[in-house]
Amino acid sequence: MLTTAEFVLTGPTHGRPFAADATYLATDPANQNPAPAKPVVVFVHGFKGFKDWGHFPLLARFFAEAGFVFVKLNLSHNGVVVGGTGDLEDLEAFGQNNFSHELNDLGQLLDALHQPGATPLPAAELDLSRLYLIGHSRGGGLVLLKAAEDPRITALATWAAVADLAPRWPAAVLAQWQHEGVLYVPNSRTGQQLPMYYQIAEDYHANRARLDLPLLVPQLRQPLLIVHGDPDETVPLSAAEQLHAQKPDAELFVVPGAGHMFGGSHPWPAAALPPLAQLVAERTIQFFRQHP
């Protein structure tokens, strides 16, 4: 039976609650021969994203039906409120986001999966010796960083990932941002002006050793699948090529004609995955099965 378990965690350093859910085919308790535990996939959304964006719930179903426990989370400062609308609404929290918060949120989720009783998931359903990460866009950078510091990760896949988290704005923009303390970025979908406080740049420089993708990616020991669309309008294909150059033993899967969201949009009106998103999901499942 397809089951989705929802739960809430609270960051020990920032104290902000954030929601997660896990979708899987539950083992029938009446079955005399219960199914073996399932490998676990944790999916991380990107900048301006959230766990139930567009077709992401359908991704959860697709992976669950392929035999995985699919876990997705709202990063704590992505602007989504526990019990709220499900969309970006807490812009102050959004502005206070930084890469350390995101990396710590992901680590807390991974710890909770390993701690009996910390989530509503039955331990018998989880094979945490096969623990995989998928990150989309900026979330791709995040899963690369997490894999670099967490040996519990078996393998990972990046979808349309960034190759560097360093602030890349022109010097004049950075100087103005530092002076004014805030930079606004538009959300074309909602029309919102999303604040980014300068603290995100300060956090990057203060924690450079932990957040430096070009330094850490070449050191990754886990198998890596890099997926990118060749006409990506948000993160250019050159980012995937840069990651591949830094880790030549990674697999690079270029999807012809795929934009940044692999055909998805929010809200997603269909009952099936966008064809390109399904192609990417199938290739990722194949890759994970090759690296048990």
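The values are calculated or read from the model by the stated rules, or taken from the named source; none is laboratory data. The model shown is predicted, which means the values in this text are computed figures rather than measured ones. All Cβ positions, glycine included, derive from the backbone under ideal geometry; neighbour counts span all protein chains shown.
Below, the figures for the structure above:
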| read-out | value |
| --- | --- |
| In segment 95-107, the residues that are within 16 Å of the chain's Cα centre (by Cα) and either crowded, with 20+ Cβ neighbours inside 10 Å or without any contact (Cβ under 8 Å) to a residue 60 or more places away in the chain (or both) | N97, N98, H101, E102, L103, D105, L106, G107 |
| Test: residue in segment 61-71 that is in a helix (DSSP H, G or I) and among the basic types (K, R) | yes |
| Whichever residue in segment 140-165 is assigned to a strand (DSSP E or B) and not aromatic (F, W, Y) and, among such residues, is surrounded by the fewest Cβ atoms within 10 Å (Cβ to Cβ) | A155 |
| Hits in segment 238-292 (condition: within 25 Å of R221 (Cα to Cα) and either modelled with pLDDT under 95 or in a loop (DSSP other than H, G, I, E, B) (or both)) | K247, P248, D249, A250, H291, P292 |
| Residues located in segment 166-194, provided they are surrounded by fewer than 16 Cβ atoms within 10 Å (Cβ to Cβ) and in a strand (DSSP E or B) | V182, Y184, V185, P186, Q193 |
| Residue count, segment 267-282 (criterion: of a type outside the set (G, A, S) and buried (at least 17 other Cβ atoms within 10 Å of the Cβ)) | 7 |
| Matching residues in segment 222-248 - criterion: being farther than 14 Å from D164 by Cα and without any contact (Cβ under 8 Å) to a residue 24 or more places away in the chain | P248 |
| Residue among V41, V69 that alone is in contact with a Leu (Cβ under 9 Å, 6 or more places away or on another chain), buried (at least 20 other Cβ atoms within 10 Å of the Cβ), closer than 26 Å to V235 by Cβ and not acidic (D, E) | V41 |
| Residue within segment 117-131 that is crowded, with 20+ Cβ neighbours inside 10 Å, polar (S, T, N, Q) and touching a Leu at 6+ places or on another chain (Cβ under 8 Å) present | yes |
